[in-house]
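Right, one structure below, let's go through it.
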Amino acid sequence: MKNTKHLLLLAVLACSLIPLQAQKFQGLAQTPPMGWNSWNKFACDVSEKLIRETADAMVSSGMKDAGYEYVVIDDCWQVSRDSLGFIVADPQRFPSGIKALADYVHSKGLKFGIYSCAGDKTCGGRPAGRGHEYQDALMYAKWGVDYLKYDWCNTEKLNAEGAYTTMRDALHEAGRPIVFSLCEWGDNKPWKWAKEVGHLWRTTGDIYNCFDCINDHGTWKSWGVMQILDKQDGLRQYAGPGHWNDPDMMQVGNGMPLNEERAHFTMWCMMASPLISGNDLRKMSPETLGVLANKEVIAIDQDSLGIQGFRHAVKDSVETWMKPLKNGEWALCLLNRSKSPKSVELNWKTISVTDTLSNRTLDTTGKELYKIRDLWLKKNTGDTRKPLKAIIPGQDVLCLKIFK
Ligand code: GLA
């Protein structure tokens, strides 16, 4: 009892040391943010019509019900600054203004996000935040912005930690709680310093719409799903409630076959990644919706422990990924990276795995039985008494929840 009182006192004291403005930002993104962003599908072709229709579709498709929340306009919404230096939205594409658009998104029970950049200009060459941080933050707060993605183009000689900290302080001063998404591509190892600055940080360059390839643009490259996955090695200890590794927005629904979409989505969930869809929500196939809105796989991502999963083993192109979940449950997903089907066998009597980071163990060797649920079939498929044998199609996954 005495101890509890002491702990409570310490917590109150610790809280009172954090400035009031900053406290509002602390409870945000306790699970990886979920939403939609315009860039992957629409690039600079953004407008208030698109954003309104996307918000409508997020609700009517069932995406909102599955947990998607933020509707984020990426680059190219801005055209200039006014005589006082305030940012001006493109009047042709956003004739009603950003405030009205944010109000509309809010009226749907959703949250509204916007994009800018730490440099002089955004990656698309539009006016950006450098030197206008406090002014922009005030405007975002006035408009009712809930999420800011902040990019890293045209930042010559800027120090990343310093630049992002300035924007964070500006957001704090403006006083509206805003999820702060750092899009610094991992160049300056943000996982080492950004926990105190933002809620999520990109770990890599841009995702490319393919499962396993690299798109070489000459001076820079964009990366397929498997390439991005491999770049997350060694980063899981930096993620947790309120501060997430961000392997970029998803390409699910932008043309990959269903097996690849399923594998892409599953791996993002195993990595406790932000789930930001990047497709046209107005024209989704039922298959794509079935992937993006699979609540049981989403629950792996959104598990309240917030432990990023890990690659436990690799055998003949099949990777075993594991993620500890609350209540002693585990997700165990097998990813077949090759193009041909692979047969796999899980002999539970030999499986005892300890995650040294979270100090949690899955031990199915003993007498205690665990049940097994296939999260794509959405069926309980047995227990740990008998070995599990399966064939995983090429570039697909088998994703299981192990529970008592
Ligand atoms: C960068 C970012 C992308 C997107 C574009 C917009 O490349 O990494 O996610 O925001 O800029 O220009």
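The values are calculated or read from the model by the stated rules, or taken from the named source; none is laboratory data. Treat the numbers as computed from the prediction; the structure is a model and nothing was measured. Ideal geometry is used to build each Cβ from the backbone, glycine not excepted, and the neighbour counts take in all protein chains shown. Quick note on the areas: whole protein, heavy atoms, side chains included, nothing else; ligands and nucleic acids left out. Shrake-Rupley method; radii C 1.70, N 1.55, O 1.52, S 1.80 Å.
For every residue, the table says whether it meets (1) surrounded by 14 or more Cβ atoms within 10 Å (Cβ to Cβ); (2) under 28 Å from Met63 (Cα atoms).
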site: Leu289; (1), (2): yes, yes
site: Pro324; (1), (2): yes, yes
site: Ser352; (1), (2): no, no
site: Lys379; (1), (2): no, yes
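Just give me the residues in region 381-399 being closer than 14 Å to Met322 by Cα and surrounded by fewer than 22 Cβ atoms within 10 Å (Cβ to Cβ), in sequence order.
Correct list: empty.
Could you please find all residues in region 239-258 being under 10 Å from Leu200 (Cα atoms), open to solvent by 10 Å² or more (accessible area, probe 1.4 Å) and within 16 Å of the ligand (Cβ to nearest atom)?
The answer is Asp246, and nothing else.
Can you tell me how many residues in region 51-91 are under 19 Å from Ile114 (Cα atoms) and assigned to a helix (DSSP H, G or I)?
Residues meeting the conditions: 9.
Residues of region 218-254 being assigned to a helix (DSSP H, G or I) and touching a strand residue (DSSP E or B) at 6+ places or on another chain (Cβ under 8 Å), which ones?
Val225, Gln227, Ile228, Arg236, Tyr238
Quick grid of which residues meet (1) closer than 28 Å to Lys189 by Cα; (2) open to solvent by 10 Å² or more (accessible area, probe 1.4 Å); (3) not charged (D, E, K, R):
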| site | (1), (2), (3) |
| --- | --- |
| Ala272 | yes, no, yes |
| Gly278 | yes, no, yes |
| Ala293 | no, yes, yes |
| Val297 | no, no, yes |
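For region 290-303, state whether one or more residues are farther than 19 Å from Asp396 by Cβ, without any contact (Cβ under 8 Å) to a residue 24 or more places away in the chain and among the basic types (Lys, Arg).
Scanning region 290-303 turns up no residue that is farther than 19 Å from Asp396 by Cβ, without any contact (Cβ under 8 Å) to a residue 24 or more places away in the chain and among the basic types (Lys, Arg).
Quick one: Ser358 ticks every box in (1) part of a strand (DSSP E or B); (2) surrounded by 15 or more Cβ atoms within 10 Å (Cβ to Cβ); (3) of a type outside the set (A, V, I, L, M) except a single one, so which number is it?
(1)
Can you tell me which residue among Asp56, Asp75 is within 16 Å of the ligand (Cβ to nearest atom) and at pLDDT 95 or above?
Step by step, each of Asp56, Asp75 is checked, and only Asp75 is within 16 Å of the ligand (Cβ to nearest atom) and at pLDDT 95 or above.
Please pick out the residue among Phe94, Phe112 that is away from the ligand (no atom under 15 Å from the Cβ), assigned to a strand (DSSP E or B) and open to solvent by less than 60 Å² (accessible area, probe 1.4 Å).
Answer to the selection: Phe112.
Counting only residues that are closer than 18 Å to Trp36 by Cα and out of contact with any helix residue (DSSP H, G or I) (no Cβ under 7 Å at 6 or more places or on another chain), how many does region 63-95 have?
Going through region 63-95 one residue at a time, the tally reaches 6.
Looking only at region 180-217, count how many residues are part of a loop (DSSP other than H, G, I, E, B), under 14 Å from the mean Cα position of the chain (by Cα) and more than 10 Å from the ligand (Cβ to nearest atom).
Residues flagged as part of a loop (DSSP other than H, G, I, E, B), under 14 Å from the mean Cα position of the chain (by Cα) and more than 10 Å from the ligand (Cβ to nearest atom) within region 180-217 amount to 3.
Before we move on, is Lys404 open to solvent by 40 Å² or more (accessible area, probe 1.4 Å) and either in contact with an Asp or Glu (Cβ under 9 Å, 6 or more places away or on another chain) or acidic (Asp, Glu) (or both)?
Yes.
Could you tell me whether region 27-39 includes any residue that is in a loop (DSSP other than H, G, I, E, B), within 16 Å of the ligand (Cβ to nearest atom) and open to solvent by less than 40 Å² (accessible area, probe 1.4 Å)?
Yes: region 27-39 contains one or more residues that are in a loop (DSSP other than H, G, I, E, B), within 16 Å of the ligand (Cβ to nearest atom) and open to solvent by less than 40 Å² (accessible area, probe 1.4 Å).
Name, by its number, the condition in (1) more than 16 Å from Leu398 (Cα to Cα); (2) surrounded by fewer than 19 Cβ atoms within 10 Å (Cβ to Cβ); (3) among the β-branched types (Val, Ile, Thr) that does not hold for Val344.
Among (1) more than 16 Å from Leu398 (Cα to Cα); (2) surrounded by fewer than 19 Cβ atoms within 10 Å (Cβ to Cβ); (3) among the β-branched types (Val, Ile, Thr), Val344 violates only (1).
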